[in-house]
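**Student:** Below is the structure I would like to discuss, written out as structure tokens.
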Amino acid sequence: MALSAEQRDLYRTDGFLLMSGLFTEAECDSFIAHVTACKTSQLSSRAAPAEGQGTELSMALHPKLHLAVQGCLEADGWSSAAAEPDLIQAMYFWQGSEQDRHQDGYYLPECLAAWVALEDVSSANGTIWVQHGSHKRRLLVHRDFAHGGEFYGVEYNEAVDRVFEQNAAAGLREEPVVAQKGDVLVFNGGLIHRGG
């Protein structure tokens, strides 16, 4: 799905964009069945997975998602030619990740993420939490933790929490993403977020 001008503006302002109904329930169910079958096969055989097994990325590489990600890259300032997304990593969470606050861009500079709700999610069942606009503020980088850096001797998660608090004091709010099965959240690598 190509992004509208309004969606690009929302992404630029908030650092994320929630797109409703990008995938159908049947597409979500099919992907869940595939991942479950891979896990069951790996657990029952105790053998190394066959080549290609467990690496099915049909949803991550789906044309619907490709266009949405490309539109967000362009909203981040990439030219149309340079905004061709590359898949770096794909993960499937069996439950809420409960990850501490972090910025993906610390680990993968200039990245963005696409998070697919494979079931209805809210704060009650482990959704993702995002801090609006935090992508426009402080992005932690490795030199911040080196000798002489602002956060030298500080653990990464504590540093992110400090930046989060500075952002909150400036009026940036954190909220849970409430999404329906098939919705997709695309977000900037500098956005502070956490798992529920």
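The values are calculated or read from the model by the stated rules, or taken from the named source; none is laboratory data. Small disclaimer: the values here were computed from a predicted structure and weren't measured. Positions of Cβ are generated from backbone atoms using ideal geometry, with glycine treated the same way; all protein chains shown enter the neighbour counts. Protein only, heavy atoms only, side chains kept; ligands, DNA and RNA dropped before computing areas. Shrake-Rupley method; radii C 1.70, N 1.55, O 1.52, S 1.80 Å.
**Student:** Those residues that are touching a His at 6+ places or on another chain (Cβ under 9 Å), more than 9 Å from K181 (Cβ to Cβ) and part of a loop (DSSP other than H, G, I, E, B), I need them from region 20-38; list them, please.
**Tutor:** The one that is touching a His at 6+ places or on another chain (Cβ under 9 Å), more than 9 Å from K181 (Cβ to Cβ) and part of a loop (DSSP other than H, G, I, E, B): L22.
**Student:** G149 - would you say it is on the phi > 0 side of the Ramachandran plot and either open to solvent by less than 20 Å² (accessible area, probe 1.4 Å) or in contact with a helix residue (DSSP H, G or I) (Cβ under 9 Å, 6 or more places away or on another chain) (or both)?
**Tutor:** no
**Student:** Let me ask something else about it. Show the residue pairs meeting these rules: Cβ distance below 7 Å; 6+ apart or different chains; first residue within region 74-98 and modelled with pLDDT of 80 or more; second residue surrounded by 10 or more Cβ atoms within 10 Å (Cβ to Cβ) and of a type in the set (F, W, Y).
**Tutor:** Once the first residue is modelled with pLDDT of 80 or more and sits in region 74-98, its partners that are surrounded by 10 or more Cβ atoms within 10 Å (Cβ to Cβ) and of a type in the set (F, W, Y) give A75/Y11.
**Student:** Continuing with this model, one more query. Being in contact with an Asp or Glu (Cβ under 8 Å, 6 or more places away or on another chain) and at pLDDT 85 or above, is that true of even one residue in region 36-54?
**Tutor:** No, region 36-54 contains no residue that is in contact with an Asp or Glu (Cβ under 8 Å, 6 or more places away or on another chain) and at pLDDT 85 or above.
**Student:** Does R143 fit the bill of being basic (K, R), open to solvent by 40 Å² or more (accessible area, probe 1.4 Å) and part of a loop (DSSP other than H, G, I, E, B)?
**Tutor:** In short, no.
**Student:** Can you find a residue in region 105-119 that is aliphatic (A, V, I, L, M), assigned to a loop (DSSP other than H, G, I, E, B) and more than 21 Å from the chain's Cα centre (by Cα)?
**Tutor:** No, every residue in region 105-119 fails to be aliphatic (A, V, I, L, M), assigned to a loop (DSSP other than H, G, I, E, B) and more than 21 Å from the chain's Cα centre (by Cα).
**Student:** If I go through region 63-79 residue by residue, how many of them are part of a loop (DSSP other than H, G, I, E, B) and either open to solvent by less than 80 Å² (accessible area, probe 1.4 Å) or in contact with a helix residue (DSSP H, G or I) (Cβ under 6 Å, 6 or more places away or on another chain) (or both)?
**Tutor:** Matching residues across region 63-79 total 3.
**Student:** List every residue pair whose Cβ atoms sit under 7 Å apart, with the two residues 6 or more apart in sequence or on different chains, where the first one lies in region 121-143 and is under 15 Å from E174 (Cβ atoms) and the second, anywhere, is of a type in the set (S, T, Y) and modelled with pLDDT of 95 or more.
**Tutor:** As it stands, the answer is G133/T13, since those pairs meet every condition given.
**Student:** Follow-up. If I go through region 166-180 residue by residue, how many of them are touching a residue at least 40 places away in the same chain (Cβ under 8 Å) and part of a loop (DSSP other than H, G, I, E, B)?
**Tutor:** Of the residues in region 166-180, 5 are touching a residue at least 40 places away in the same chain (Cβ under 8 Å) and part of a loop (DSSP other than H, G, I, E, B).
**Student:** Given the options A124, A82, A60, name the one that is assigned to a helix (DSSP H, G or I) and not charged (D, E, K, R).
**Tutor:** Going through A124, A82, A60 in turn, the sole match is A124.
**Student:** Moving to a separate point now. Are there any pairs, at least 6 apart or on different chains, whose C-beta atoms fall under 8 Å, with the first in region 151-165 and among the polar types (S, T, N, Q) and the second open to solvent by less than 60 Å² (accessible area, probe 1.4 Å) and not in a helix (DSSP H, G or I), and if so, which?
**Tutor:** As it stands, the answer is N157/R101; N157/H102, since those pairs meet every condition given.
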